[in-house]
Amino acid sequence: MILADDEEGNAVVRVGEDERVIPKESIATPAAPVSAMPPMSGLLSKKEARDLVAYLAGRKKDDSAEKHK
């Protein structure tokens, strides 16, 4: 995980518990971070996305209420 760039433009990264500095000369081409979440654009309209969030939020409340009976 890249934490930051230092004042010289080097990348400061965390590998496990260690922090390492990667010299900017060693970085061929910086790439945008990759998400594990698939792209969602075009799958749901804004209204469908709001409806889904409302449904899931309601389920969480329903599930927690049942556990306490």
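The values are calculated or read from the model by the stated rules, or taken from the named source; none is laboratory data. Remember, predicted model here, so these are calculated numbers, not experimental data. We place every Cβ from the backbone using ideal geometry, glycine too, and count neighbours over all the protein chains shown.
Select from the stretch 29-69 the residues that are over 20 Å from the mean Cα position of the chain (by Cα), assigned to a loop (DSSP other than H, G, I, E, B) and modelled with pLDDT under 75 and list them in ascending order.
68, 69
Take the stretch 5-28 and flag every residue that is surrounded by 10 or more Cβ atoms within 10 Å (Cβ to Cβ) and in a strand (DSSP E or B).
Passing the criteria: 5, 11, 12, 13, 14, 19, 20, 21, 22.
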